[in-house]
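All remarks here apply to the structure that follows.
The values are calculated or read from the model by the stated rules, or taken from the named source; none is laboratory data. Note that the structure is predicted; figures quoted are calculated from it, not measured. Neighbour counts are summed over all protein chains in view; Cβ atoms, including those assigned to glycine, are modelled from backbone coordinates with ideal geometry.
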Amino acid sequence: MGLVRWFHSLASPPHFYRFARRLSPWLAVSSVVLIVAGVFGGLVLAPPDYLQGDGFRIIYVHVPSAYVGMLAYVVLAGAAAIGFVWRIKLAHAVAVSVAPVGASFTFLALVTGAIWGKPMWGTYWEWADARLVFELLLLFLFLGYMVLRAAIEDRDKADRVSAILAAVGVINVPIIHYSVEWWSTLHQGPTIARLDSPAITLDMLVPLLIVIVGFTVYFAWLVICRLQGEVLERERTARWVQQLLAERAE
Amino acid sequence: MDVFLLILRRDLKIAFRRWGELATPLIFFVIVASLFPLALSPEEAQLRASGTGFLWIAALLSSLLALDGLFRNDLQDGSMEQLALSPAPLALIVLAKTLAHWLVSGVPLLVLAPFLALSFYLPVEALPTLVGALALATPTLSVLAALGAALTVSVRGGGAIIGLLVLPLTAPVLIFGARATDLAVHGESTLGPLYLLAALAVLALSLGPLACAAALRVGLE
Amino acid sequence: MSEFLDMGGYARYVWTAYGITLVVIVLNAWLARRRHAQALIKVKQMDRSELIERTPTVRRNP
């Protein structure tokens, strides 16, 4: 019961802010440790791939970015929906904070995917790769959310209207994913190497999982960092903020 | 049901009075489709290979344009607020308005498309599928465009960003529609993509108006 | 060591990818912290002006 109550108390901005202050450094440090360890494992310890040689090592930055991008969109839509339905301001603040981070990681997934593609397919961009096209559309969904928010002046309205866009987007994500997959199987030539088929052994997989966790924790840190700023701004007329400033001044 | 028919008839009447607004998306459709050969090449082989794509993209963009002012006119003269206050579900009203717009912009598209298709050297046998696929796809496109209009109803000059918001969501429609047409051009069975288009239309028509209504209520505050 | 840097001939691709990743990661950290800092600044500024607004002004006799 205590845990539930603590969780509920997080929805209150002052509680959240103080909790975030304390949690932040732990997230930052552990994410860096995980990422460095995973990357070391991926670059040094993992054996070269049978087909792609050392080129496959890009997987250790491409896949975690793609994963975080997708996670980010789900978190965005979920937070926006919670904010819309239950009118929790903090939830909208979460959505605002997630959007730019999600867009960055999706962009990174696209870029690393394209770089990976060059030696494997011979070209930087391959329209026939379902994953790249899907990532591109996901990036547009993030950008659409951010543009819509920016276009609406009233913050409450912006929160709620963009929440609807995010909800519609998230329903579309599996549809878009399926349709692009289906479309790409029709157009895939025989020369296109399937990127996800380096027969992945355990010593290749473990570093990948470590980097994925590291990226996820890093994502959490970034969002919480932005969230602190967002909450401060939204709550600037509240007393707890003045108290906080007084504390900091000491 | 009465409300639905009432709004439908009202919007149709208004649309016919403003025939300029009616004609614009259709002219736009023809112009966009015609620009592709100018940008690429007028050779028969090229056109036959890519004509399907040109048609579908032109249809997509024209649908977006057609529903741009769906709510703006009502918003400006104050009738939007009256509609929102009425006891009838706003989603139903939105559905009626969207249907009215589809009747005046989507259906003429179905008439024009075959002519453009023939100009791109697409075989006559493919035309029924093209029209059928467009008939299934344009309602979905109309709903998505309506959603874009509803989301930007409180944004000054909102029309500009509707495309950015809505076009990524139309990708599946484009994929299945163009695929159906391509299959027909090659004389193969088109049932798969057509079923998928129908499924998307059902999904869009059932959930879309609800999202539009929610967005309108927020925008009107 | 040079074999490691060479990445089996794929050095250009692997190191560019990792380099861009590093840039994006660091950039995000910087931007996120900056967001927090900007909010703090805004709050401090507003705090003072808001306080000034809230302080009742003396009514002047017409």
Residues to consider are B:Val107, B:Val153; find the one that is modelled with pLDDT under 95 and farther than 16 Å from B:Pro209 by Cα. B:Val107
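For (1) assigned to a helix (DSSP H, G or I); (2) loosely packed, with under 14 Cβ neighbours inside 10 Å; (3) at pLDDT below 85, each residue gets a yes or a no:
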{"position": "B:Phe4", "(1), (2), (3)": "yes, no, no"}
{"position": "B:Ile7", "(1), (2), (3)": "yes, no, no"}
{"position": "B:Lys13", "(1), (2), (3)": "yes, yes, no"}
{"position": "B:Pro25", "(1), (2), (3)": "yes, no, no"}
{"position": "B:Phe28", "(1), (2), (3)": "yes, no, no"}
{"position": "B:Leu35", "(1), (2), (3)": "yes, yes, no"}
{"position": "B:Leu38", "(1), (2), (3)": "yes, yes, no"}
{"position": "B:Pro42", "(1), (2), (3)": "no, yes, yes"}
Kindly establish whether A:His8 is out of contact with any His (no Cβ under 9 Å at 6 or more places or on another chain) and closer than 23 Å to C:Asn28 by Cα. no
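Residues checked against (1) closer than 24 Å to B:Asp74 by Cβ; (2) under 18 Å from the mean Cα position of the chain (by Cα):
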site: B:Thr140; (1), (2): yes, yes
site: B:Ala145; (1), (2): yes, yes
site: B:Gly148; (1), (2): yes, yes
site: B:Val155; (1), (2): yes, no
site: B:Gly163; (1), (2): yes, yes
site: B:Pro168; (1), (2): no, yes
site: B:Leu174; (1), (2): no, yes
site: B:Leu183; (1), (2): no, no
site: B:Glu188; (1), (2): no, no
Would you say C:Thr21 is of a type in the set (Val, Ile, Thr), at the interface with another protein chain (Cβ under 8 Å from one of its Cβ atoms) and surrounded by fewer than 17 Cβ atoms within 10 Å (Cβ to Cβ)? no
Of the residues that make up region B:80-95, is at least one in contact with a Cys (Cβ under 6 Å, 6 or more places away or on another chain) and part of a helix (DSSP H, G or I)? yes
Would you check which residues across region A:158-189 are surrounded by fewer than 17 Cβ atoms within 10 Å (Cβ to Cβ) and closer than 26 Å to B:Leu220 by Cα and list them? A:Ile171
Taking only region A:140-197 into account, find how many residues are outside any helix (DSSP H, G or I) and either modelled with pLDDT of 90 or more or closer than 28 Å to B:Cys212 by Cβ (or both). 3
Of the residues that sit in region A:126-139 and are outside any loop (DSSP other than H, G, I, E, B) and of a type in the set (D, E, K, R), which one is farthest from the other protein chains (Cβ to nearest Cβ)? A:Arg131
Could you grab me the full set of residues in region A:47-92 that are more than 12 Å from chain C (Cβ to nearest Cβ), over 16 Å from A:Phe215 (Cα atoms) and surrounded by 20 or more Cβ atoms within 10 Å (Cβ to Cβ)? A:Leu76, A:Ala77, A:Ala79, A:Ala80, A:Gly83, A:Phe84, A:Leu90, A:Ala91, A:His92
Scan region A:17-37 and give yes if some residue there is of a type in the set (Gly, Ala, Ser), in contact with a strand residue (DSSP E or B) (Cβ under 9 Å, 6 or more places away or on another chain) and either crowded, with 17+ Cβ neighbours inside 10 Å or away from chain C (no Cβ under 12 Å) (or both), otherwise no. no
